[in-house]
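Asker: Take a look at this one; I'll ask things after.
The values are calculated or read from the model by the stated rules, or taken from the named source; none is laboratory data. What you see is a predicted model, and the numbers here were worked out from it, not measured in a lab. Every residue, glycine as well, gets a Cβ built from its backbone with ideal geometry; the counts of neighbours run over all protein chains shown. With ligands, DNA and RNA removed, areas are computed over all heavy atoms of the protein, side chains included. Shrake-Rupley method; radii C 1.70, N 1.55, O 1.52, S 1.80 Å.
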Number of protein chains: 2
Amino acid sequence: MSKKISVKVTLKKGVLDPQGKAIEHALGTLGFQGVENVTQGKLIEMDVADDTTDAQIKEMCEQLLANPVIEDYEIKSA
Amino acid sequence: MSKKISVKVTLKKGVLDPQGKAIEHALGTLGFQGVENVTQGKLIEMDVADDTTDAQIKEMCEQLLANPVIEDYEIKSA
């Protein structure tokens, strides 16, 4: 059997987020007022074997899914 | 005042997800076994004015944040 895991990867506070800024600007251009602090992150969902440990999932994040220098990640069982 | 909104954008079922496949393959190469059905989506977080209606947020998704032809989106108040 397998379990569903989702990993949310976001830029650390203070890291420039040009994608977020672009979205914010575009929303303004489209006429949506009052939108602020837009950030764009990644959401990775996957099925892992039931006996996969939290440490292994953390390792996946550190090695591949996130760049721990500039990104934070949050692991959730979904 | 403003409220926090998060929008999760994922590819519709049946749409090819090369990013997900690449992650799945890379995890296998790194020695993580039993990882399946990897998908990568976007997570957009933003502050909107308190009087922003759900319909307006839906409109932002349809017009800019998601491509409704190939992507599903889910709006959450965070």
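Asker: So, in the stretch B:1-42, exactly how many residues are surrounded by fewer than 16 Cβ atoms within 10 Å (Cβ to Cβ) and either basic (Lys, Arg) or within 25 Å of residue A:56 (Cα to Cα) (or both)?
Answerer: Here the count works out to 17.
Asker: From the residues in the stretch A:43-78 that are open to solvent by 20 Å² or more (accessible area, probe 1.4 Å) and touching a helix residue (DSSP H, G or I) at 6+ places or on another chain (Cβ under 8 Å), which one is farthest from residue B:11 (Cα to Cα)?
Answerer: A:68
Asker: Quick one: is residue A:39 β-branched (Val, Ile, Thr), in contact (Cβ under 8 Å) with a residue 60 or more places away in the chain and closer than 30 Å to residue B:25 by Cα?
Answerer: No: the conditions fail for residue A:39.
Asker: For the stretch B:9-55: of the residues being hydroxyl-bearing (Ser, Thr, Tyr) and touching a Ser or Thr at 6+ places or on another chain (Cβ under 9 Å), which is nearest to the other protein chains (Cβ to nearest Cβ)?
Answerer: By that ranking, first place goes to B:39.
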